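All remarks here apply to the structure that follows.
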Amino acid sequence: MSRYCMLGCYGEGNLGDEAILSGLMTLISKSDSQAEFTVFVGEGYFMSRYATETVLDLSISIYRHWLGLFLKLKVVDLFAKIIRSDVLIIGGGELIRDDFGLSPLISILEKFLIAKAFGKKVLILGIGVGSLKTALGKKITRFMVDHCDGVITRDSASCQALAAICAAKRLQFTTDVAFALPCSDTVKNSRDFKIAVSLRDWPSAWSSSTISKARQIEIYGKFAVEFGKLLQELQKRHDCEIVFIPFRDIEGDSDLASIKYILSKSEISNFRIEPCSDDLSKVKKVISGCDLMIGMRLHSCILALTEGVPTVTINYDPKNTKLMNGFNMQDSIIDMYHPCHSTYFKQCEKVLEYTRGEITSLVASYIADMIVKYDSVVKSISSESIRP
C-alpha cells in the first residue's frame, strides 16, 4: 500500500479538474489496489465534497494565504500530510505555464521541495504544457522535471516542449487521464436529436500575457454572433434540442454567463440549461444522451468522446487543438479566431457522419496505451514505497 498526495487544480469548482483527479485516482488504483489518497484542495468551501482526506492548498507566494499558513498554522497540516505520504502526484491540467504569472508554478515548486526534502517520490502525471515565456518559469520547470521520478504528459506537443528545455530524461506521453473514467450506461433514444454545448466565460476569466483582455472581448464578440447563427442552423436542420452544460459557476468564471451571452446572440427556441453539477457520472449520462458535443471546455470534449459522442471542439486555447490533433481529428476543430457560421455548420455535419462505434473504437486504442504506461510508472514507484 502507498499513500499518495494529489496536487493539481482540485477543489476550485471546475468539473474538468475533478474529472482529471478522478481519472488519476482510477488509474493509480488499478495498479495499487490499496492506494490511499490525500487531495490538495484549492478552496476550503469544497473540502467537504471529497470522500478522501484533504489538505488546503496554500502557498507562501500568495499573500492572502499567509493568514492561514502562519497565524492559523495550516503550514503544519500541509507539511504533515506530505511527510506521511509516500508519493506526491503533481497531476493533470495545464499546470506548466507562466502566462498567468509565476505564482502557480512557485506554489507547485514549494510542495515539490517539501516532498523531496523528506525523501518522497514525486511523479508528474497527466499534465499539459502551455506557454512558458519567462526564464524563471523555464528554470522551475526544468528543475522539477529533472529531479522528479517520472513524467507522463497528456499530449505529444507537451512532451516535446519539456524535452526542449529539460536535461536528458525519459519522458512519456499518452492521452488525458479523464479517458480512464467509466462510460455511463445510458441508452440513446434515437428519436430525440440533441446537441450538447459547453462554453466558458472566456473574456472575463482568461487573462494572460499572451492576449490582452480587449482583444479577447473583440474576438469573442464576433465569435458569439457566428456561433449563435450556427446553433440556429443546426436546430433548423435537425429539429433538435440544444442542451447547455456548464462545468463551472463561480464569481469571475461562470459558464452560465457565457451561455446567456450566446443566447442573446441567437434565436434558438428549443433549449435547456443543465444545472451546474460536481457529479461526473450524472454529467456523463447527460452528454451520452446527446448526438453531438460542441465543446469549449476541454473536458466536455473528453467526456463526450469517452461516451462515443461525435465531438467538435472550440479552439479558444491550444490545448483543445492538441486534443483533436492527437486523435487525427483536425476537421473537428472550430476556429474561434476566424468565425464563420457556414464553415462551422459544415464541420458539424461532417462530424455527425461518425458513428458511436467508430469513435469508441478510435479512442479505445489510446486508452489502452494510457493504462499500460500508468501501470508501469505506478508499479515502479509503489513497489519502492510499500510499507510493512
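Summary of computed values
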quantity	calculated
Length released on extending from Thr360 to Gln160, taking residue separation times 0.36 nm less the Cα-Cα span	69.3 nm
Per-residue [θ]222 nm for the chain (sum of -39500 (n - 2.57) over DSSP H runs n ≥ 4, rounded to 500)	-14000 deg cm²/dmol
Cα centroid separation, the range 157-182 to the range 35-109 (Å)	23 Å
Label point distance in nm, Ala51-Lys379, each placed 7 Å from Cα along Cα→Cβ	2.6 nm
Virtual spin-label span in nm between Asp146 and Leu102, 7 Å along Cα→Cβ	1.7 nm
Estimated inter-spin distance, Lys236 and Val372, nm [label 7 Å along Cα→Cβ]	4.9 nm
Stretch in the chain that is longest and holds no GluC sites (Glu not before Pro) that DSSP places in a loop and that have at most 14 other beta carbons within 10 Å	44-250
Chymotrypsin sites (Phe, Trp or Tyr not before Pro) restricted to the range 249-341 and DSSP loop, no more than 14 other C-beta within 10 Å	Tyr337
Extension reserve of the Leu113-Leu73 stretch, reckoned as 0.36 nm per residue once the Cα distance is removed	12.5 nm
Mean Kyte hydropathy of -1.0 or more with a Cα span along the axis of at least 24 Å, helices from DSSP in the chain	15-31, 213-238, 356-385
Reach of Lys169 by Cα under 17 Å, taken over lysines that are not fewer than 8 positions away in the same chain	Lys121, Lys138, Lys139, Lys373
Isotropic mean projected area of the C-alpha convex hull, the range 1-85 (nm²)	5.7 nm²
Restricting the range 30-131 to trypsin sites (Lys or Arg not before Pro) in coil, as DSSP defines it, with at most 14 other Cβ within 10 Å	Lys72, Arg84
Net dipole in debye of the chain [+1 Lys, Arg Cβ; -1 Asp, Glu Cβ; about Cα centre; nearest 20]	760 debye
The range 194-354 - share of DSSP beta bridges that are antiparallel (%, nearest 5)	10 percent
Counting all C-alpha pairs of the chain, share separated by more than 28 Å (%)	46 percent
Cα pair distances exceeding 19 angstrom across the range 214-357, given as percent	51 percent
Sequence-separation-based contact order of the chain, relative, with Cα cut under 8 Å and 6+ spacing, percent	17 percent
In Hz, Karplus ³J(HN,Hα) per residue of the range 41-55 (6.51, -1.76, 1.60; θ = phi - 60°; x = Gly, Pro)	10, x, 10, x, 4, 8, 4, 6, 7, 9, 7, 8, 5, 10, 8
The range 194-354, relative contact order [Cα under 8 Å, separation at least 6], %	27 percent
Additional length obtainable on full extension of the chain from Leu136 to Glu36, 0.36 nm per residue less Cα span	32.6 nm
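A short reminder: the numbers here are calculations on the coordinates, not readings from a lab. Computed from a predicted model, the values in this text were never measured in an experiment. No Cβ is skipped: glycine too gets one built from the backbone with ideal geometry, and neighbour counts run over all protein chains shown.
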